[in-house]
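I have placed the structure first, in the form of structure tokens, so that the comments after it can refer back to it.
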Amino acid sequence: MEWRYLIRALMLPPGSLLVLLLLAWWLRVRWPKFATLGLLLGVGGLWLMAAPVVVQWQASLLESEPALDWRSDWAQQAQAIVVLGGGRERGDPGWGGDAPSQMAAERVRYAARLAKHSGLPILASGGLHYGEPPSEAYLAGQMLQQDFAVPLRWQEGQSRTTWENATFSAALLKQAGVQRIVLVTQAWHMPRARWCFEQQGLTVLAAPMGFFSMPHGRPWGGWLPEGKAFWQNQLLLNEWFGLLSYPWLYAATGSSSASR
């Protein structure tokens, strides 16, 4: 699996931009025009990565699923809620150990609210983020029980990718006779997540949250660089990478899984 992360790190910013800047430095004497072009592209790319307006533009393209309509009969359309892991923080002294990341905690909080509103059982999906326990699913279950008094029905703690989230979760759900789910993840991640679960033969009702495409309200039209925007743009570029590569990597596998 390491090769996949290495390729992604070199192809996507900031890795690709740093490589471009190093190449510009190396070419500065022999080919100064190419070096200047590389410098401009590298610095310009870093600026765009840190611009909130670019976050909003990227997210508006990815966030194709509308928010769940709480006034609808959505609770009658599903048999279970599936919440996807979103990373973990290691050894946080404030929590006395590992805890869900900020992104994962947002997903768990939303899933808890859905469960209290509907009475539907929850499956948490997420494996060993650092290759060792506890799993993201276990931490999600702890948070659901301790912070929201919501029980966790199923715990899928093996997956390392969104595709594995869907594959391993579907196996647990189908054993329990569940075919229709409410899927909880960030809005920009929802199209890829929905596709993965539908490839397993499940009917998906999207419950996206954590929208990045809302008006940013920043001065100067959102062109001033911000550290938060750099992180958000990195997430969105990674999502583009996954969204474009998953059909190529998994389409044939998904078709055979859904037909069984």
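Would you kindly give the portion of the calculated P(r) for the range 124-201 that falls above 18 Å, as a percent of all Cα pairs?
42 percent
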For the range 19-103, Kirkwood radius (reciprocal of mean inverse C-alpha pair distance, Å)
18.2 Å
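Mind listing which chymotrypsin sites (Phe, Trp or Tyr not before Pro) in the range 27-111 are in a DSSP loop and have 13 or fewer other Cβ atoms within 10 Å?
TRP70, TRP95
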Degrees, to the nearest 10: 15-26 long Cα axis against longest axis of the chain:
10 degrees
Length gained, TRP248-ARG160, 0.36 nm per residue minus C-alpha separation, equals 29.8 nm
What do the square roots of 5 times the Cα gyration tensor eigenvalues come to for the range 79-138, in whole Å, largest first, as semi-axes of the equivalent ellipsoid?
23, 13, 8
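How much space per residue, in cubic angstrom, does the convex hull of the C-alpha atoms of the range 94-232 take up? Walk me through the numbers before you get to the answer.
Numbers: hull volume 18.9 nm³, N = 139.
Taking only Cα atoms, the range 94-232 has a hull volume of 136 Å³ per residue.
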Cα long-axis angle, helix 136-148 against the chain (0 to 90 degrees, to the nearest 10)
60 degrees
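Can you give the helix-only mean residue ellipticity at 222 nm for the chain, where every DSSP H stretch with n ≥ 4 adds -39500 (n - 2.57) and the sum goes over all residues, rounded to the nearest 500 deg cm²/dmol?
Values: 9 runs with 138 residues, N = 260.
Calculated from helices alone, the mean residue ellipticity at 222 nm is -17500 deg cm²/dmol.
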With Cα atoms, 0 to 90° folded angle of helix 190-199 axis to the chain main axis
50 degrees
Using the Cα centre of the chain as origin and beta-carbon charges of +1 (Lys, Arg) and -1 (Asp, Glu), tell me which of SER169, TRP248, ALA207 is placed farthest towards the positive end of the dipole.
TRP248
To check you understand DSSP bridge types, tell me what percent of the beta bridges within the chain (both residues inside) are antiparallel, rounded to 5.
15 percent
Magnitude of the charge dipole, the chain, Cβ model with Lys/Arg +1 and Asp/Glu -1, debye to 20:
440 debye
Toy charge model, Lys and Arg Cβ at +1, Asp and Glu Cβ at -1: the range 128-203 dipole around Cα centroid in debye, rounded to 20, equals 280 debye
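Pulled fully out, how much extra length does the chain show between SER118 and ASN238, if you take 0.36 nm times their separation in residues and subtract their Cα-Cα distance? Display every interim value, and only then the final one.
On the way: separation 120, 0.36 × 120 = 43.20 nm, distance 3.30 nm.
In short, 39.9 nm is gained.
Relative to the compact globular guide of 2.2 N^0.38 Å, what is the alpha carbon radius of gyration of the chain, as a ratio? It would help to have the intermediate numbers written out before the result.
Values: Rg = 20.4 Å, N = 260, 2.2 N^0.38 = 18.2 Å.
Normalised Cα radius of gyration, the chain: 1.12.
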Could you state how much accessible area ASP92 has, in square angstrom rounded to the nearest 10, with a 1.4 Å probe and all protein chains kept in place?
50 Å²
Could you tell me the extents of the range 53-174's C-alpha atoms along the three principal axes, largest first, rounded to whole Å?
40, 39, 29
For the chain, which whole percent of the accessible surface, found with a 1.4 angstrom probe, sits on carbon and sulfur atoms?
61 percent
Given the options GLY141, PRO219, PRO191, identify the residue whose Cα lies farthest towards the positive end of the charge dipole of the range 121-260 (+1 on Cβ of Lys, Arg; -1 on Cβ of Asp, Glu).
PRO191
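Excluding ligands, DNA and RNA, what is the solvent-accessible area per residue of the chain at a probe of 1.4 Å, expressed in Å²? Intermediate results must be reported in sequence, preceding the final value.
Details: 13990 Å² over 260 residues.
On a per-residue basis, the chain sits at 54 Å².
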Label-point separation in nm, SER16 to THR36, each point 7 Å along Cα→Cβ
2.5 nm
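The values are calculated or read from the model by the stated rules, or taken from the named source; none is laboratory data. As the structure is a prediction and not an experimental result, all values here were calculated from the model. Neighbour counts run over all protein chains shown; Cβ positions are idealised from the backbone, glycine included. When the accessible area is computed, the model is the full protein with side chains, heavy atoms only, and any ligands, DNA or RNA have been set aside. Shrake-Rupley method; radii C 1.70, N 1.55, O 1.52, S 1.80 Å.
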